[in-house]
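The values are calculated or read from the model by the stated rules, or taken from the named source; none is laboratory data. Keep in mind it's a predicted model, so treat the numbers as computed, not measured. Here Cβ is always computed from backbone atoms with ideal geometry, including for glycine, and neighbour counts include all displayed protein chains.
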Amino acid sequence: MEIGQDPESICFSHGDFGFVVESLDHPAGELLSRPEVVEDERCPQSNGMAESFLKTMKRDYVAFMPKPDAETAVHNLAIAFEHYNEQHPRSTLHYRSPREFRRAMA
């Protein structure tokens with residue numbers, strides 16, 4: 001995701017394997033995109049998952065990253081998302097990261 005990128009070209013999705021940010025402008029965008037899942041935004045489960053994700057990102061990443069300007073902040077967020085999906089353990093996945101869990105299941 002780049003500064004100034006069209007927000008319509010970014011897909012935020014969540015599921016059993018963690019939170020994913022996909023750019024549909026990427027050359028492999030068609031491979032990345034999934035069938036749209038329509039959830040009622042007032043659903044308590046969706047709200048709870050989003051709040052939990054934001055709390056984790058703020059507590060474990062944003063609080064410690066330098067933010068001198070927007071470009072640095074966006075760059076550091078990209079690093080945080082990568083770490084969150086690759087190394088951050090989840091109790092629901094038996095204390096594995098989402099990618100670690102997927103590799104173990106394959």
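Can you list residue pairs whose Cβ atoms sit under 6 Å apart, with the first residue in the stretch 85-106 being under 20 Å from K58 (Cα atoms) and touching a residue at least 60 places away in the same chain (Cβ under 8 Å) and the second being in a helix (DSSP H, G or I) and of a type outside the set (S, T, N, Q)? Count only pairs 6 or more apart in sequence or on different chains.
N85/P98; N85/R99; S97/E86
Condition check: in contact with an Asp or Glu (Cβ under 7 Å, 6 or more places away or on another chain) and at pLDDT below 50. Does L32 satisfy that?
For L32, the condition - in contact with an Asp or Glu (Cβ under 7 Å, 6 or more places away or on another chain) and at pLDDT below 50 - is met.
Could you look through the stretch 35-67, keep only residues that are part of a helix (DSSP H, G or I) and aromatic (F, W, Y), and pick out the one that is modelled with the highest pLDDT?
F64
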